[in-house]
Amino acid sequence: MVRHQPLQYYEPQLCLSCLTGIYGCRWKRYQRSHDDTTPWERLWFLLLTFTFGLTLTWLYFWWEVHNDYDEFNWYLYNRMGYWSDWPMPILVTTAAAFAYIAGLLVLALCHIAVGQQMNLHWLHKVRSLVPLSPEEGRTEVLRTG
C-alpha cells in the first residue's frame with residue numbers, strides 16, 4: 001500500500017485571517033500578501049491617522065462643552081422654532097465615529113506589526129472620509145429643519 005503525503009501544510013492563522021478580513025475584506029489565505037504596501041495605501045493610512053485626530057478633537061470638544069448644551073439648544077430653538085435636544089445625538093454620533101476610526105487605526109497598526117500588506121476595503125475608505133466632510137455640510141440638517 002502506498003502512502004501519500006500532503007504536498008503542503010498550512011497553519012490555520014486565525015488571528016491573521018480575522019485581521020486581514022476585517023481590515024481589507026481579504027478572508028482567504030491566497031489574498032494575503034507580504035509585499036510592500038503601495039503608496040496609495042500609505043496615503044490612506046495617513047488620512048486615517050488624520051481622521052482619528054480630528055474625531056478625537058471633535059469628541060473632546062463635545063464632551064467638554066457640556067455646560068453649554070442649554071445655550072446651544074436655545075440657539076437652535078431660535079433658528080428652527082422648535083425645541084430639541086441636539087447635543088446628545090451629536091455626542092453619540094461622534095463617539096461612534098471615533099470608535100470606528102480608532103478600531104481601523106488599531107487594525108492598520110497590527111498590519112504593520114505583523115508585516116502584512118495594508119489594503120483598506122473601499123467601504124472603510126468611504127466611511128473614514130465622512131468625518132472629514134465640512135462642518136457646514138454636517139449641520140445642514142439642523143439648519144433646514
Handout entry: Separation of the residue 73 and residue 25 label points, Cα + 7 Å toward Cβ, nm
Key = 4.1 nm
Exercise for the section: Just subtract the alpha-carbon distance of residue 127 and residue 88 from 0.36 nm times their residue separation and send over the number in nm, one decimal. Expected result: 11.9 nm
Exercise for the section: Taking the Cα centre of the range 38-116 as origin, sum charge times position over the Cβ atoms of Lys and Arg (+1) and Asp and Glu (-1), and report the length of that vector in debye to the nearest 20. Expected result: 340 debye
Completion exercise
Carbon and sulfur atoms account, in whole percent of the 1.4 Å probe accessible area of the range 38-116, for 72 percent
Exercise for the section: Write down the accessible area per residue of the range 38-116 in Å², having rolled a 1.4 Å probe over the full set of protein chains. Expected result: 64 Å²
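The values are calculated or read from the model by the stated rules, or taken from the named source; none is laboratory data. The structure presented is a predicted model; accordingly, all values stated were derived computationally and were not measured. FYI the Cβ positions are ideal-geometry reconstructions off the backbone, even for glycines, and counts take in every protein chain you see. For accessibility, only protein heavy atoms count, side chains too; no ligands or nucleic acids. Shrake-Rupley method; radii C 1.70, N 1.55, O 1.52, S 1.80 Å.
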